[in-house]
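Reviewing the structure listed below.
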Amino acid sequence: MTAEMSPTLPVTVHLLGTGGPRVDPQRAGPATLVSVGDEHLLFDAGRGVAVQMARAGIPMASLRDMFVTHHHFDHIGDLYDVMLSSWFDGRRHPLTIHGPPDTKRLVIALQTQIYDKDIEWRGDGEPVFGGWSPALGHDVSTGLVMETPAWRVIADNVVHGHGLAFSPAFLKRWICYGYRVETQGRVVAISGDTVDCAGLRRLAQGADVLVQCCYLAEAEITNEHFRRLAQYTLACGDTVGKIAAECGVKTLVLTHQRPRRDDAMLRALEAEVRRDFDGELVLASDLDTVSVTG
């Protein structure tokens with residue numbers, strides 16, 4: 001079977017965490033999982049991801065490949081929890097963590113400089129678990145990241161704060177990706193954190209499902225900080241519907257929401273996006289699922 005074949009395996013998107021960097025009692029940190037049959041591809045490891053996988057009934061031991069969009073703490077803060085908890089759950093194969101340059105260094109540091117005593121204590125002192133099953137960091141570039149007979153994952157550069165006043169040295173290291181999963185003629189695009197940009201549009205083109213960061217409703221863009229955020233950092237309600245419509249997306253899933261006291265601004269966001277996009281719209285909550293039917 002190849003990724004282009006007619007659908008034979010079910011494809012499901014699990015919204016494990018739909019919040020952002022601020023602590024939100026209603027939302028875990030950014031994490032999306034795409035299931036292709038009994039294979040599970042995890043994108044980002046935000047706050048609470050291991051607990052959310054357990055709540056979703058997804059066996060952590062099944063993880064073989066995960067993908068990091070960028071190195072903001074809310075997207076990688078529970079990366080070690082994924083490594084350790086998947087091993088506790090029975091993972092005896094390496095877990096490969098694909099991501100922008102410096103992902104390999106980060107994964108090595110977690111295992112050799114930060115949690116090395118924890119790993120040695122558990123790996124050598126708890127024979128019930130067997131020896132430590134490592135995680136392998138893999139720095140990837142844009143284009144094809146990985147391909148199997150059932151699916152392929154493609155990365156592209158996205159724009160997340162690159163227009164802010166950072167030094168050239170920092171910008172050289174600040175590489176952010178979105179991803180596109182192609183399987184059996186179906187496409188799931190994952191924006192990562194980004195504003196409207198060419199890379200996002202390439203990833204989203206013709207997607208059956210676009211999981212899109214959307215931090216604010218247009219009605220919430222009320223001060224200079226939020227205006228700069230919407231311009232340079234995170235897509236908001238004034239742009240996401242246009243992106244999805246112009247790229248021919250079938251289902252638009254909005255995630256990476258800010259904490260709110262009530263749902264009033266979510267309703268406003270829905271109305272704003274509906275002005276531009278007439279496909280299926282999901283304002284995601286934690287543990288929502290979307291079936292990808294093609």
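The values are calculated or read from the model by the stated rules, or taken from the named source; none is laboratory data. As the structure is a computational prediction, the values presented were derived from the model and not from experiment. Note that each Cβ is placed from the backbone with ideal geometry, even for glycine, and that neighbours are counted across all protein chains shown.
Please indicate, with yes or no, whether at least one residue in region 117-127 is in a loop (DSSP other than H, G, I, E, B), within 18 Å of S86 (Cβ to Cβ) and not charged (D, E, K, R).
no
Can you tell which of T142, T112, T96 is more than 22 Å from the chain's Cα centre (by Cα), over 21 Å from R47 (Cβ atoms) and polar (S, T, N, Q)?
Sole residue among the options that is more than 22 Å from the chain's Cα centre (by Cα), over 21 Å from R47 (Cβ atoms) and polar (S, T, N, Q): T112.
Pick from G137, G163: which is in contact (Cβ under 8 Å) with a residue 12 or more places away in the chain and under 19 Å from R201 (Cβ atoms)?
Selected residue: G163, the only one of G137, G163 that is in contact (Cβ under 8 Å) with a residue 12 or more places away in the chain and under 19 Å from R201 (Cβ atoms).
Give region 81-112 a look and list any residue that's touching a residue at least 24 places away in the same chain (Cβ under 8 Å), assigned to a helix (DSSP H, G or I), surrounded by fewer than 21 Cβ atoms within 10 Å (Cβ to Cβ) and not hydrophobic (A, V, I, L, M, F, W, C), or say none.
Across region 81-112, the qualifying residues are D81, S85, K104, R105, Q111.
Would you please list the contacts, defined by Cβ atoms under 6 Å and residues six or more apart or on different chains, that run from a residue in region 11-23 that is more than 17 Å from D78 (Cα to Cα) to a residue that is of a type in the set (S, T, N, Q) and in a strand (DSSP E or B)?
Close Cβ pairs satisfying both conditions: V11/T183; T12/S35; T12/T289; T12/S291; H14/T289.
Answer yes or no: is there a residue in region 142-165 that is surrounded by fewer than 22 Cβ atoms within 10 Å (Cβ to Cβ), at negative phi, in contact with a His (Cβ under 8 Å, 6 or more places away or on another chain) and β-branched (V, I, T).
Checked against the condition, which is being surrounded by fewer than 22 Cβ atoms within 10 Å (Cβ to Cβ), at negative phi, in contact with a His (Cβ under 8 Å, 6 or more places away or on another chain) and β-branched (V, I, T), region 142-165 yields at least one hit.
Out of the residues in region 150-186 that are of a type in the set (V, I, T) and closer than 19 Å to A235 by Cβ, which is nearest to the chain's Cα centre (by Cα)?
Checking each candidate, the answer is V158.
Among the candidates A230, A284, A219, which residue alone is touching a Cys at 6+ places or on another chain (Cβ under 8 Å) and either closer than 21 Å to H72 by Cβ or not charged (D, E, K, R) (or both)?
One residue alone meets the criteria, A230.
Could you look through region 203-257, keep only residues that are of a type in the set (S, T, Y) and in contact with a Gly (Cβ under 9 Å, 6 or more places away or on another chain), and pick out the one that is nearest to I190 (Cα to Cα)?
T255
It is to be established whether one or more residues within region 205-217 are among the β-branched types (V, I, T) and touching a His at 6+ places or on another chain (Cβ under 7 Å).
No: region 205-217 contains no residue that is among the β-branched types (V, I, T) and touching a His at 6+ places or on another chain (Cβ under 7 Å).
Pairs needed: first member in region 197-226, free of Cβ contacts under 8 Å to residues at least 60 places away in the same chain and of a type in the set (S, T, N, Q); second member anywhere, crowded, with 22+ Cβ neighbours inside 10 Å and assigned to a strand (DSSP E or B); C-beta distance under 8 Å; at least 6 residues apart or different chains.
That search, which allows pairs on different chains as well, returns Q212/L252; Q212/V253; Q212/L254; Q212/T255.
Six or more apart or on different chains, Cβ under 8 Å: which pairs go from a residue in region 242-263 that's under 18 Å from V195 (Cβ atoms) and in contact (Cβ under 8 Å) with a residue 24 or more places away in the chain to one that's part of a strand (DSSP E or B) and polar (S, T, N, Q)? Could you list them?
Between residues of region 242-263 that are under 18 Å from V195 (Cβ atoms) and in contact (Cβ under 8 Å) with a residue 24 or more places away in the chain and residues that are part of a strand (DSSP E or B) and polar (S, T, N, Q), the close pairs are I243/Q212; A244/Q212; L252/Q212; V253/Q212; L254/Q212; T255/T32; T255/Q212.
How about region 267-294: which of its residues are in contact with a strand residue (DSSP E or B) (Cβ under 8 Å, 6 or more places away or on another chain), at pLDDT 95 or above and not in a strand (DSSP E or B)?
Selection gives L269, E270, V273, R274, F277, G279, A284, S285, D286, L287, V292.
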